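The values are calculated or read from the model by the stated rules, or taken from the named source; none is laboratory data. These figures come from a predicted structure and were not determined experimentally. Neighbour counts run over all protein chains shown; Cβ positions are idealised from the backbone, glycine included. Just so you know, the surface numbers come from the protein's heavy atoms only, side chains and all, with ligands and any DNA or RNA stripped out. Shrake-Rupley method; radii C 1.70, N 1.55, O 1.52, S 1.80 Å.
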Amino acid sequence: MSEPIVQFKNVHKSFGDVEVLKGIDLDISPSEKVAIIGPSGSGKTTIIRMLMTLEKITSGDIIVDGQNLWKMEKNGSMVEANQKHLRSIRGDIGMVFQHFNLFPHMTILENCMTAPIHVKKEEKTEVRKRSIQMLERVGLGDKLDNYPNQLSGGQKQRVAMARALVMRPKVMLFDEVTSALDPELVGEVLEVIRDIAKNDDMAMILVTHEMDFALDIADKVVFLDEGVIAESGSASQVIEHSQNERLQSFLSRFRN
Amino acid sequence: MDYVIEFIPQIARGLNITISVLIASALFAYIMAFFSGLCRLSNNVIVRKFTGFYVEIFRGTSLIVQLFWLYYAIPMLFGIQLGSNWWVGVFAIGLNYGAYLSEVVRTSILSVAQGQYEAATALNMSRFQRMRIVIFPQAVRMMLPEFGNYTIQILKGTSLVSLIAMSDILYYGDILRGSYQQQTPIIYGIVLVLYFILALPLIWLTKKGEKIAKKGVAS
């Protein structure tokens, strides 16, 4: 086993008085595909939002590629990370959102190109080439100069994935990326994720309600319930051999 | 009709003052608007409170009183001259409308969707890059129609400089009325039409701004 790329160590998170995560321990190795499942309100999305630095942690540690994400050393003691520290680490992480969050004032090609050029200071012609390749890969090579509001939801989500991939993250986070889509558009987005999962060696963490899909592509399934990891293991372990009643009843809702 | 032909050139002599005050005070107002609008979103409490104070004072009192303060009261109280009456007019109008417009700037920036901040963060942009590349361009589109509206207001506001002895079109109208009491309706009719003609390009720009705003923002 190689060193984990992401480690959660006893991570707690409260919103006001409500503790949503009650001590999360989770190791993710490079290129591992992890699906986080569980009832809504169980804190699935919060886990990956903390990793993307969109949500502060309340206590515990998140280690990314050997570095503590939310804490840094200052004069020999560990203090809360500042923006500079967060920036130095989160470049390894990419995220795709439920509501796409494309930049509406840019064409889809510009959406893909802006971060590599401005954030990573990469050379423009190379970024352009790579962005076009990526958009072709997600099947949108003919829409380069379109604006997001000219696309369907499924197309928008595919652009969002291309935009994240062009940054070459070591970890990709997918936050219920099909939940806001019309049912007939879900398939095309799942196809792209399946393609990424198969061909790219980055680690992936998926928060999803597409149960069959998640179980199909995930190396590890994590069942989150009431703020703790109630069950974790390979898809077959979790599905077929788990004795956890709440997991069984949760899964049964997806079978008919 | 003879009067109309006679009066128009006389009143039009004030156009250069009306237009120059309009342009200068509008530019000054825009600068104040962006400066104080951004300051009010600062993380620094003192900066925020201080600009908030400016905005509320200038929104909460009348432009004409502010003009008189800058022109008459401050020079007497502090023994400083704030410049020619043209500059005082530009300062007063610019500060006043800058205060209103700063609220437009502030609220437009705040109304950019939270998801845009998050996407920019996920792409590892710095706070400054996030503002410059993602938030600001979208906010500006939302500001355009309101900036058009307020610019038309500024045009109308320039007529107040006639009260600090500036020879704008209203000033020349008033002078003419002194000699031609009977023709008062014609005189003010001409003044009215001149303001309206000046406002036409601004109205057109505002409509244009509305179109741009509609196109660029909705995702």
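Of note:
- Of the candidates A:Gln83, A:Gln67, the single residue that is farther than 26 Å from A:Ser2 by Cα and modelled with pLDDT under 95 is A:Gln83.
- Within segment A:45-59, tally of residues that are within 13 Å of chain B (Cβ to nearest Cβ) and more than 12 Å from A:Lys71 (Cβ to Cβ): 9
- Among residues that are touching a helix residue (DSSP H, G or I) at 6+ places or on another chain (Cβ under 7 Å), more than 7 Å from every other protein chain (Cβ to nearest Cβ) and among the β-branched types (Val, Ile, Thr), B:Ile152 is included.
Quick grid of which residues meet (1) touching a residue at least 40 places away in the same chain (Cβ under 8 Å); (2) away from every other protein chain (no Cβ under 14 Å); (3) part of a helix (DSSP H, G or I); (4) touching a Phe, Trp or Tyr at 6+ places or on another chain (Cβ under 6 Å):
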residue: B:Met166; (1), (2), (3), (4): yes, yes, no, no
residue: B:Tyr172; (1), (2), (3), (4): yes, yes, yes, no
residue: B:Gln183; (1), (2), (3), (4): yes, yes, yes, yes
residue: B:Ile186; (1), (2), (3), (4): yes, yes, yes, yes
residue: B:Ile197; (1), (2), (3), (4): no, yes, yes, no
residue: B:Pro201; (1), (2), (3), (4): no, yes, yes, no
residue: B:Trp204; (1), (2), (3), (4): no, yes, yes, no
residue: B:Lys211; (1), (2), (3), (4): no, yes, yes, no
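- Residue satisfying condition, being of a type in the set (D, E, K, R), open to solvent by less than 60 Å² (accessible area, probe 1.4 Å) and more than 19 Å from the chain's Cα centre (by Cα), within set B:Glu118, B:Glu103: B:Glu118
- Considering (1) at pLDDT 95 or above; (2) within 11 Å of another protein chain (Cβ to nearest Cβ); (3) open to solvent by 40 Å² or more (accessible area, probe 1.4 Å), the lone condition that A:Ala160 does not fulfil carries the number (3).
- Among the residues of segment B:33-58, the ones that are loosely packed, with under 14 Cβ neighbours inside 10 Å, closer than 13 Å to B:Ala99 by Cβ and aliphatic (A, V, I, L, M) come to 1 in all.
- Considering only residues in segment B:121-136 that are assigned to a helix (DSSP H, G or I) and polar (S, T, N, Q), the one that is surrounded by the fewest Cβ atoms within 10 Å (Cβ to Cβ) turns out to be B:Gln129.
- Enumerated strands (runs of 3 or more DSSP E) restricted to segment A:1-109, each holding at least 1 residues that are in contact with a helix residue (DSSP H, G or I) (Cβ under 8 Å, 6 or more places away or on another chain): A:6-15, A:18-28, A:33-37, A:59-64, A:71-74, A:93-96
- Residue match in segment A:145-156 (condition: over 20 Å from A:His99 (Cα atoms) and touching a helix residue (DSSP H, G or I) at 6+ places or on another chain (Cβ under 8 Å)): yes
- Candidates B:Ala139, B:Ala92, filtered to the one that is within 14 Å of chain A (Cβ to nearest Cβ), in a helix (DSSP H, G or I), among the small types (Gly, Ala, Ser) and touching a helix residue (DSSP H, G or I) at 6+ places or on another chain (Cβ under 9 Å): B:Ala139
- When restricted to residues that are facing chain B (nearest Cβ under 10 Å) and among the basic types (Lys, Arg), segment A:87-131 contains 3.
- Residue within segment A:190-202 that is open to solvent by less than 40 Å² (accessible area, probe 1.4 Å), closer than 24 Å to A:Ile239 by Cβ, in contact with a strand residue (DSSP E or B) (Cβ under 9 Å, 6 or more places away or on another chain) and within 14 Å of another protein chain (Cβ to nearest Cβ) present: no
- A single entry from A:Val6, A:Val18, A:Val11 fulfils the requirement of being out of contact with any Cys (no Cβ under 6 Å at 6 or more places or on another chain) and closer than 18 Å to A:Met204 by Cβ: A:Val6.
- When each of B:Ser42, B:Ser108 is tested for being in contact with a helix residue (DSSP H, G or I) (Cβ under 6 Å, 6 or more places away or on another chain) and more than 14 Å from every other protein chain (Cβ to nearest Cβ), the lone residue that passes is B:Ser42.
- Among (1) over 25 Å from A:Met204 (Cα atoms); (2) modelled with pLDDT of 95 or more; (3) of a type in the set (D, E, K, R) - the single one A:Lys74 does not satisfy: (2)
- Subset of segment A:232-242 (residues that are open to solvent by 50 Å² or more (accessible area, probe 1.4 Å) and not hydroxyl-bearing (Ser, Thr, Tyr)): A:Gln237, A:Glu240, A:His241
- Residue within segment B:10-20 that is surrounded by fewer than 20 Cβ atoms within 10 Å (Cβ to Cβ) and touching a Cys at 6+ places or on another chain (Cβ under 9 Å) present: no
- Going through (1) open to solvent by less than 60 Å² (accessible area, probe 1.4 Å); (2) closer than 30 Å to A:Asn101 by Cα one by one, B:Leu198 falls short only on (2).
- Residue list for segment A:73-85, filter: at the interface with chain B (Cβ under 10 Å from one of its Cβ atoms) and either buried (at least 18 other Cβ atoms within 10 Å of the Cβ) or basic (Lys, Arg) (or both): A:Lys84
- Single match in B:Leu41, B:Leu123 (criterion: within 25 Å of A:Phe103 (Cβ to Cβ) and either modelled with pLDDT of 95 or more or acidic (Asp, Glu) (or both)): B:Leu123
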